[in-house]
Amino acid sequence: MRTIAEEILKLYPDHIESLSNISITYLLTKQYDKGIEPLLRAEKIDPTDVIVLANIAQGYKLKEKFKKAIAYYEKIIEQEDEQAIKFAKVQIELLSNKSRSEK
């Protein structure tokens, strides 16, 4: 999947789906920083894309950077996708206790 996404990005450097696909391959292999990097690039292209925002939040959650994850879930709440908003609110509630103990 990463190879295909990289080839697409050579032709379409702002292709958000390919940036997301690359990030997922890194997140699944616990290379969290490498996974978050293309998502941050995708966020610059479309800061309202709730899938990108949720994947960034997930990356930070996996890194145990709970405050950053919550910040991205809060960005989702600012959007108009009701299903995404419900999901983000649940995630914030789950992470709130963890973020208090974060260094």
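Coordinate-derived values only; no laboratory data. A quick note: this is a predicted structure, and the numbers were derived from the prediction, not measured. Neighbour counts are summed over all protein chains in view; Cβ atoms, including those assigned to glycine, are modelled from backbone coordinates with ideal geometry.
Where is the GNM fluctuation largest for the chain (alpha-carbon springs, 10 angstrom cutoff): L27, L62, L11?
Judging by the Gaussian network model, the answer is L11.
Taking the Cα-to-Cβ direction at E93 and at K34 and moving 7 Å from each Cα, how far apart do the two end points lie in nm?
3.7 nm
For the chain, what is the mean residue ellipticity at 222 nm derived from helices alone (per DSSP H run of n ≥ 4: -39500 (n - 2.57); sum divided by total residues; nearest 500 deg cm²/dmol)?
-25000 deg cm²/dmol
Helix 66-77 against the longest principal axis of the chain: what's the angle in degrees, Cα atoms only, rounded to the nearest 10?
80 degrees
Comparing A42, A84, A54, which has the greatest mean-square fluctuation in the GNM of the chain with Cα pairs linked when under 10 Å apart?
Maximum fluctuation in the GNM of the chain, among the listed residues, is at A84.
Quick check for me: using +1 on Lys/Arg Cβ and -1 on Asp/Glu Cβ, what's the dipole size of segment 58-103 about its Cα centre, in debye to the nearest 20?
Details: 11 positive and 8 negative charges, 89 e Å.
Roughly 420 debye, rounded to the nearest 20.
Just need the relative contact order of the chain here, percent rounded to a whole number, with Cα pairs under 8 Å and 6+ apart.
Relative contact order here is 18 percent.
Dipole size in debye (nearest 20) for the chain around its Cα centre, Lys and Arg Cβ +1, Asp and Glu Cβ -1?
Working: 17 positive and 17 negative charges, 141 e Å.
In debye, rounded to 20, the chain gives about 680.
Give the residue from L94, L39, N55 lying farthest towards the positive end of the charge dipole for segment 2-100; charges sit on Cβ (+1 for Lys and Arg, -1 for Asp and Glu) and the dipole is referred to the Cα centre.
Of the listed residues, the answer is L94.
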